[in-house]
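Asker: Take a look at the following structure, please.
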Protein chains: 4
Amino acid sequence: MVSYSVDLSNAKGKIMASNTFGNIFRITTWGESHGKAIGVVIDGVPAGVPITVERIISHLKWRRPGQALTSPRKEPDEPIIESGVFDGYTTGAPISIIIRNKDAKKTHYDDIKHIMRPGHANFTYINKYSVFDHHGGGRASARETACRVAAGAIAEAILEPMNIRVAAYVSSAGSITMPDSNLPADIKIDTITQSPVFCPDPTTSERISDHIQTIAQQGDSVGGTVNFLIQGCPAGLGDPIYHKLEALLAYAMLSIPASKGFEIGSGFNASTLTGSQHNDSWHSNDQQQIEQTSNNCGGILGGISTGAPIYGKVAFKPTSSIKKSQQTIDTSGNNTTLTFAKHTRHDPCVAIRAVAVVKAMCLITLADAYLSNKTAKV
Amino acid sequence: MVSYSVDLSNAKGKIMASNTFGNIFRITTWGESHGKAIGVVIDGVPAGVPITVERIISHLKWRRPGQALTSPRKEPDEPIIESGVFDGYTTGAPISIIIRNKDAKKTHYDDIKHIMRPGHANFTYINKYSVFDHHGGGRASARETACRVAAGAIAEAILEPMNIRVAAYVSSAGSITMPDSNLPADIKIDTITQSPVFCPDPTTSERISDHIQTIAQQGDSVGGTVNFLIQGCPAGLGDPIYHKLEALLAYAMLSIPASKGFEIGSGFNASTLTGSQHNDSWHSNDQQQIEQTSNNCGGILGGISTGAPIYGKVAFKPTSSIKKSQQTIDTSGNNTTLTFAKHTRHDPCVAIRAVAVVKAMCLITLADAYLSNKTAKV
Amino acid sequence: MVSYSVDLSNAKGKIMASNTFGNIFRITTWGESHGKAIGVVIDGVPAGVPITVERIISHLKWRRPGQALTSPRKEPDEPIIESGVFDGYTTGAPISIIIRNKDAKKTHYDDIKHIMRPGHANFTYINKYSVFDHHGGGRASARETACRVAAGAIAEAILEPMNIRVAAYVSSAGSITMPDSNLPADIKIDTITQSPVFCPDPTTSERISDHIQTIAQQGDSVGGTVNFLIQGCPAGLGDPIYHKLEALLAYAMLSIPASKGFEIGSGFNASTLTGSQHNDSWHSNDQQQIEQTSNNCGGILGGISTGAPIYGKVAFKPTSSIKKSQQTIDTSGNNTTLTFAKHTRHDPCVAIRAVAVVKAMCLITLADAYLSNKTAKV
Amino acid sequence: MVSYSVDLSNAKGKIMASNTFGNIFRITTWGESHGKAIGVVIDGVPAGVPITVERIISHLKWRRPGQALTSPRKEPDEPIIESGVFDGYTTGAPISIIIRNKDAKKTHYDDIKHIMRPGHANFTYINKYSVFDHHGGGRASARETACRVAAGAIAEAILEPMNIRVAAYVSSAGSITMPDSNLPADIKIDTITQSPVFCPDPTTSERISDHIQTIAQQGDSVGGTVNFLIQGCPAGLGDPIYHKLEALLAYAMLSIPASKGFEIGSGFNASTLTGSQHNDSWHSNDQQQIEQTSNNCGGILGGISTGAPIYGKVAFKPTSSIKKSQQTIDTSGNNTTLTFAKHTRHDPCVAIRAVAVVKAMCLITLADAYLSNKTAKV
């Protein structure tokens, strides 16, 4: 049992000044879930990168609501490039992308305006800012992540000529887990896209689909894990000390709504091993290439990429918005019950749509590390 | 099996520009493991905070080498405050702290100068910078973390008047794990300090001590986990979107050498639960206090502290430097064997000394979030 | 005579990553002069500040083209608030403001596409980025400053409750200069707005108007100076060392297109005086107020505001785009002649429209310093 | 007459968090004038740059007190490189340089501890921080600039291989001014070093020397101007919008203590000219080089270097500390008289020692712009 007091009188007037991510490749997002639009300004893009709206759309498609097993909200997610691209190529100037909200249903949330939603940010927003845009969660909504995905598409266009490729996929939902692989170098992108839950293992995919449907019918939600895999990354990306590549990835992943944990390479399993088990040995082969039989380090040593594949895992909690009734308090501190209306629209498992976001945050982090690494060779 | 090529000709001249951590409360560290000294400049400290050298020493004592079950290197770790403190109080000016290296043994490393050390950063440093200070690992050494601990002591002095308290402790080493607790609100600081391995559970502490000694005698090392617990943190610290408090903590923790994973609150376990299991319900009691029977969110919702205790876990891999012989390559790409000299000094389990560093990074992150949160109320 | 070589082959791919200004109150601008729209995202605004579109419009009116003595381009400059304001008050979330371009005339610039324009940024943009959006100057156009003015209106709303007031005005054009005043504490805002050239001295205003008309008829342009005056600023804003208030103001002012010089307080005249002439003496009067008979320091000492009025001056060069023929080179390095078409639209004296921009940059810099100064009192 | 109230009760606890300058090449300075030492940490230096202590000493020599016509304080200014340099070359790690204070005379300032010094920062420091280290001005002292000069030497070592050269010199003191030159491309470094007041024009140098001696004998001080000239800078350095090269230079220069104004190229004179007079025409000569007969833009257009020499001017006020008696108030608000003791040591004209600082800030700004510009060419 935890008990504590909260002083709402101290709240009014705080700042939400953390809408920018990245150092050289830098994104700034804006917009509320049920406002007029959401958008992102991407600064630090070199001139001469080919950009099409189609590339952005293809990324947004992965996280769009309204698909099987995700929120029934219908958002076409049509990105508009407002600046920074000229004749199909970047000019070096900031790229502004806007996505209009088409299916905002403001009134859906009116009856829960004054209720603290268990597991939800409205409790802390009201504590910090006094005001909370209760329409779909305002800025706290996962809708903001569409902007990250759009920015990830721009990052991908920067990384593509170097043949750096990023994949993300669902590896578990609830207690249903994909057979593990210490060195997941052979995930095929097709096996991910063919799965309705973005899980590359067909058997696991089917079991997860069934499980989520059952959970959804119960008016409940379930957690899950998303893996990422970066192939083709050259040695030398990332920096020692505070901008370690794994630190930047952890920062990126834990900034995604609902994420609760992060692993790079062997992750928590590393804590159970000995040095002689965990160290990856290098071997030089006949073609002067470096070979490793294990990749426990996950492609990063001392914060810097080794040249081997980079991989890791992100844990997502179950969506806090569920249809079951829950005991809670209202904004005046009175005990009450929260029951969402039947038509309210939520994801039964956020991990599915998080796949596109995890991928985007990898791409953004890598593009930033790649461009930072260019500041060199005097 | 992973195979890849590395092009050393691209290396020379890169920058290591990531020696600063924090936004308002900002630390910049410098110095090499076996150089003349290491140091930290702490900017953003408000005027009027009482600071003593004794407080800094008491923090450094926790991570000092030369204790039982840690590296036998003898470093007194005497911090010198060179600026920013006047008559026992901060002036608002930057605080410069220097720690002279007393027990550097440069020649210890000469015979392995040209060998890529499995699991070690010298591989990536040579790839990125061409040069590598092989004496004790130079900048890549965990010696840098002494500066973080010194800075953590300053952060603690800022947080103390608000009664914000941070504890860190070893929760496992190898497969030996402390009995779990979903809501670790009752850890007593005494039970941590009385354990030679900083584990508050006496039985587990003894088993871990025995295990590490066995591992050390085998010339091997072992991984472990470190938990952190923040009590007394008011609601409202942290920001939405990219400066989420858990994202900043994840960034801080993954910047610690040898860390491989991070959890906040329920962590990876959250991915196995349903929303109705995971959501923490609020209840208002007779004293107008908020009560929770669970704290799965770990004291943070939407990136902002709730007022409940904040807790999480960090995974550390086994020390890469072990006395057993290992197959590897040299800097010219030839296959070779690495065998450390008998007198080389390394930690059999880095998690023990990491306790002080995890605590320091929590303190620094919280002090920064606390001061950032003051920019408010127009 | 200066001669030098330029290597265009090194150009392609550079980054324009400097579209953000400020530390806590932070603006990010985007958009091209003749693109679809321009915009600004303002982060770091505290929750609870009252904002109306009317306030933003009233600021934009000052710099709008299409007025007497300015460019005949007709832009209504209708700002749209896309996010961050809820029921008339800021929520703490980023404010996105978009201004659609209505009178872009892309074809106007086609015939000078390959000509290096003397005194213009297309020379350096082509050198740095290879590409240049020649339509009205793209990102290099002063049109970007409309976004600064919109952001300045938000900054003003933050400062208003503290009674901090900013005025800016034209103090000279060509060799016609307003009678000097060492301590311009008594400028009335009405005398500025009533002047078509924003000059508060009626006689000088008329002479400047006549002069600019003459210059414009000759197809030429003329430089000018803009003064700023900040009243009601409390002591304590600004920081020592690198974030000195005067340094941040100088940075802000020299980032305005066409600015060539900056003075704070006594400015260049200070270099001709002795210490006994220049030092401002403090005197305590009967009402426990501080009195000064001079304010040579310009309201700032050691980078921090004193409480006295802050004032300074910014020099603007004559608009580089003139209708007279000019000798120059084309993008292939051949000598040629630049003659703008008769219908091309430019300002005969940029200082007039710069008044709104100087004021906006003062407001933004002060709001940032004000919010930074709140990070205090542990 | 200006009158205003100051509320000291609001002061305690503010932060001085602005001790870092630069984006990629980043310096952080620390230390008080009469404390144990001052120092600088330089981050962002590429690996492989040759560094010697002698180079740093040669720069410090220019600003050292204890020379003719400067403060008689005797400081040998012996820089110690504590980290980041290995076998004579940078490793990419942060470079820590410390300079011990040898001639601090703390008691000199005891009798003026409670007096507000006209024109001095102790007034604003006390207002902001409550505490003020009155010993020689603490952090507000120009002694901090020695750290900038040391960092400038590192920046020079980065720029030297590109043949980018920076000169700075005194162009006026009081009303004695060097004959002007619109295009000062031919300043010889020898003519500067041979002048005791760092003025390259022998006649002006002698007149300035005589004038300063007269002023000093009167117990007074005098202002002056310092010019800078950057030769060999390639086209493409600097960025559009907010990181304009002239904006960064203005920011750098106005952060130097006692500076009151900044000009780039034609500066304030630009405001008096027409476009046809001010525009610099380009001409292509037989050797495919670009020729200009004027350089009014000062080598920068649209924030980006053109390839022509970059030049400008900085105004310095007379030293506020003079031996003449001055009317003022004490820290309790009572009217009083300030009379420095005879043995107090101050510069009669800060512009002389500012020459080294202006040069250093140019070098630092350019090294940063140079390294930033490398982040390119995908």
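The values are calculated or read from the model by the stated rules, or taken from the named source; none is laboratory data. Just so it is clear, the model here is predicted, and its values are computed rather than measured. A quick note on method: Cβ atoms are made from the backbone with ideal geometry, for glycine too, and the neighbour counts reach across all protein chains shown.
Asker: Exactly one of these conditions fails for A:SER294: (1) at pLDDT below 95; (2) touching a Lys or Arg at 6+ places or on another chain (Cβ under 8 Å). Give me its number.
Answerer: If we test A:SER294 against (1) at pLDDT below 95; (2) touching a Lys or Arg at 6+ places or on another chain (Cβ under 8 Å), just (2) comes out false.
Asker: Is it the case that the stretch D:171-180 has a residue that's at pLDDT below 90 and farther than 15 Å from D:ILE230 by Cβ? Lay out the reasoning, then the answer.
Answerer: Kept after step one, since they are at pLDDT below 90, are these residues of the stretch D:171-180: D:179-180.
If we keep only those that are farther than 15 Å from D:ILE230 by Cβ as well, we get D:179-180.
Yes: one or more hits.
Asker: Just give me the residues in the stretch B:96-110 being at pLDDT 75 or above and surrounded by fewer than 13 Cβ atoms within 10 Å (Cβ to Cβ), in sequence order.
Answerer: B:LYS102, the sole residue that qualifies.
Asker: Check whether at least one residue in the stretch D:161-170 is over 18 Å from the mean Cα position of the chain (by Cα) and surrounded by 20 or more Cβ atoms within 10 Å (Cβ to Cβ), and report yes or no. Quick ask: steps written out before the conclusion?
Answerer: Taking the stretch D:161-170 as the starting set, the residues that turn out to be over 18 Å from the mean Cα position of the chain (by Cα) are D:161-164.
Next, from what is left, pick out any that are surrounded by 20 or more Cβ atoms within 10 Å (Cβ to Cβ): D:164.
Scanning the stretch D:161-170, I find at least one residue that is over 18 Å from the mean Cα position of the chain (by Cα) and surrounded by 20 or more Cβ atoms within 10 Å (Cβ to Cβ), so the answer is yes.
Asker: Right, another one. Step by step: first the residues of the stretch B:29-44, then only those that are more than 7 Å from chain D (Cβ to nearest Cβ) and not hydroxyl-bearing (Ser, Thr, Tyr), then the one that is farthest from B:ARG139 (Cα to Cα). Which residue is that? Can you show your working first?
Answerer: Taking the stretch B:29-44 and keeping what is more than 7 Å from chain D (Cβ to nearest Cβ), we get B:29, B:33-34, B:38, B:40, B:42.
In the following step, the residues that additionally are not hydroxyl-bearing (Ser, Thr, Tyr) were identified as B:34, B:38, B:40, B:42.
Working: B:HIS34: 9, B:ILE38: 10, B:VAL40: 13, B:ILE42: 19 Å.
Per the criteria, the residue is B:ILE42.
Asker: Among the candidates C:ILE290, C:ILE256, C:ILE241, which residue alone is surrounded by 21 or more Cβ atoms within 10 Å (Cβ to Cβ) and touching an Asp or Glu at 6+ places or on another chain (Cβ under 7 Å)? Walk me through it before giving the result.
Answerer: Numbers: C:ILE290 fails: touching an Asp or Glu at 6+ places or on another chain (Cβ under 7 Å); C:ILE256 fails: touching an Asp or Glu at 6+ places or on another chain (Cβ under 7 Å).
Just a single option satisfies the conditions, and that option is C:ILE241.
Asker: If D:GLY302 meets every condition in (1) surrounded by 24 or more Cβ atoms within 10 Å (Cβ to Cβ); (2) under 21 Å from the mean Cα position of the chain (by Cα) apart from one, which number is that one?
Answerer: For D:GLY302, the failing item is (2).
Asker: Moving on. Filter the stretch D:296-305 for residues that are out of contact with any Leu (no Cβ under 6 Å at 6 or more places or on another chain) and in a loop (DSSP other than H, G, I, E, B) and give the result. Explain how you work it out, then say what you get.
Answerer: Taking the stretch D:296-305 as the starting set, the residues that turn out to be out of contact with any Leu (no Cβ under 6 Å at 6 or more places or on another chain) are D:296-299, D:301-302, D:304.
The answer is D:ASN296, D:CYS297, D:GLY298, D:GLY299, D:GLY302.
Asker: Which residues, counting only those in the stretch B:213-224, are part of a helix (DSSP H, G or I) and within 19 Å of B:LYS260 (Cβ to Cβ)?
Answerer: First, pick out the residues of the stretch B:213-224 that are part of a helix (DSSP H, G or I): B:213-217.
Scanning the stretch B:213-224 gives a single hit, B:ILE215.
Asker: Looking at D:THR319, is it within 7 Å of chain C (Cβ to nearest Cβ), more than 30 Å from C:GLY224 (Cβ to Cβ), buried (at least 19 other Cβ atoms within 10 Å of the Cβ) and modelled with pLDDT of 90 or more? Break it down stepwise before answering.
Answerer: Working: within 7 Å of chain C (Cβ to nearest Cβ): yes; more than 30 Å from C:GLY224 (Cβ to Cβ): yes; buried (at least 19 other Cβ atoms within 10 Å of the Cβ): yes; modelled with pLDDT of 90 or more: yes.
Considered against the rule, which asks whether it is within 7 Å of chain C (Cβ to nearest Cβ), more than 30 Å from C:GLY224 (Cβ to Cβ), buried (at least 19 other Cβ atoms within 10 Å of the Cβ) and modelled with pLDDT of 90 or more, D:THR319 comes out as yes.
Asker: Let me ask something else. Just for the stretch C:133-150: of the residues that are buried (at least 24 other Cβ atoms within 10 Å of the Cβ) and among the hydrophobic types (A, V, I, L, M, F, W, C), which one is nearest to the other protein chains (Cβ to nearest Cβ)?
Answerer: It comes out as C:ALA140.
Asker: What is the residue count in the stretch D:235-293 for residues that are outside any helix (DSSP H, G or I) and of a type outside the set (Phe, Trp, Tyr)? First the steps, then the outcome.
Answerer: The first filter runs over the stretch D:235-293 and keeps only residues outside any helix (DSSP H, G or I), leaving D:235-240, D:244, D:255-266, D:273-274, D:279-293.
When the remaining residues are screened for being of a type outside the set (Phe, Trp, Tyr), the result is D:235-240, D:244, D:255-261, D:263-266, D:273-274, D:279-281, D:283-293.
Residues flagged as outside any helix (DSSP H, G or I) and of a type outside the set (Phe, Trp, Tyr) within the stretch D:235-293 amount to 34.
Asker: Can I ask one more? On the given criteria, is D:LYS74 modelled with pLDDT under 75 and surrounded by fewer than 22 Cβ atoms within 10 Å (Cβ to Cβ)? Before the answer, list the steps.
Answerer: Numbers: modelled with pLDDT under 75: no; surrounded by fewer than 22 Cβ atoms within 10 Å (Cβ to Cβ): yes.
When the stated conditions are applied, D:LYS74 does not pass them.
Asker: If you don't mind, another one. So, of the residues in the stretch B:110-132 that are away from every other protein chain (no Cβ under 12 Å), assigned to a helix (DSSP H, G or I) and touching a residue at least 60 places away in the same chain (Cβ under 8 Å), which turns out to be nearest to B:GLY223 (Cα to Cα)?
Answerer: First, pick out the residues of the stretch B:110-132 that are away from every other protein chain (no Cβ under 12 Å): B:110-114.
Still in the running and assigned to a helix (DSSP H, G or I): B:110-112.
Then keep just the ones that are touching a residue at least 60 places away in the same chain (Cβ under 8 Å); that gives B:111-112.
On the way: B:ASP111: 27, B:ILE112: 24 Å.
Residue satisfying both the conditions and the ranking: B:ILE112.
Asker: Taking the stretch B:259-278 as the search range and keeping residues that are among the small types (Gly, Ala, Ser) and under 16 Å from B:ILE310 (Cα atoms), which one is surrounded by the fewest Cβ atoms within 10 Å (Cβ to Cβ)? Reasoning before the result, please.
Answerer: Looking only at the stretch B:259-278, we keep the residues that are among the small types (Gly, Ala, Ser), and these are B:259, B:261, B:265-267, B:270-271, B:275-276.
Retained after the next criterion (residues that are under 16 Å from B:ILE310 (Cα atoms)): B:265-267, B:270.
On the way: B:GLY265: 28, B:SER266: 26, B:GLY267: 21, B:ALA270: 26.
Filtering the stretch B:259-278 for residues that are among the small types (Gly, Ala, Ser) and under 16 Å from B:ILE310 (Cα atoms), the one surrounded by the fewest Cβ atoms within 10 Å (Cβ to Cβ) comes out as B:GLY267.
Asker: For the stretch B:213-237, what are the residues that are buried (at least 24 other Cβ atoms within 10 Å of the Cβ), more than 8 Å from every other protein chain (Cβ to nearest Cβ) and over 17 Å from the mean Cα position of the chain (by Cα)?
Answerer: B:CYS233, B:LEU237
Asker: Follow-up. Scan the stretch D:284-299 for residues that are among the hydroxyl-bearing types (Ser, Thr, Tyr), within 7 Å of chain C (Cβ to nearest Cβ) and touching a residue at least 12 places away in the same chain (Cβ under 8 Å) and jot them down. Walk me through how you get there before you give the answer.
Answerer: Of all residues in the stretch D:284-299, those among the hydroxyl-bearing types (Ser, Thr, Tyr) come to D:284, D:293-294.
Add one more test, that the residue is within 7 Å of chain C (Cβ to nearest Cβ), and what stays is D:284, D:293.
The answer is D:THR293, and nothing else.
Asker: Since C:ASP210 meets every condition but one in (1) of a type outside the set (Phe, Trp, Tyr); (2) farther than 27 Å from C:ASP43 by Cβ; (3) part of a loop (DSSP other than H, G, I, E, B); (4) more than 17 Å from the chain's Cα centre (by Cα), which condition does it not meet?
Answerer: Looking at each condition in turn, C:ASP210 falls short on (3).
Asker: Could you check A:ALA247 against (1) within 7 Å of chain B (Cβ to nearest Cβ); (2) more than 21 Å from the chain's Cα centre (by Cα) and say which number it fails?
Answerer: (2)
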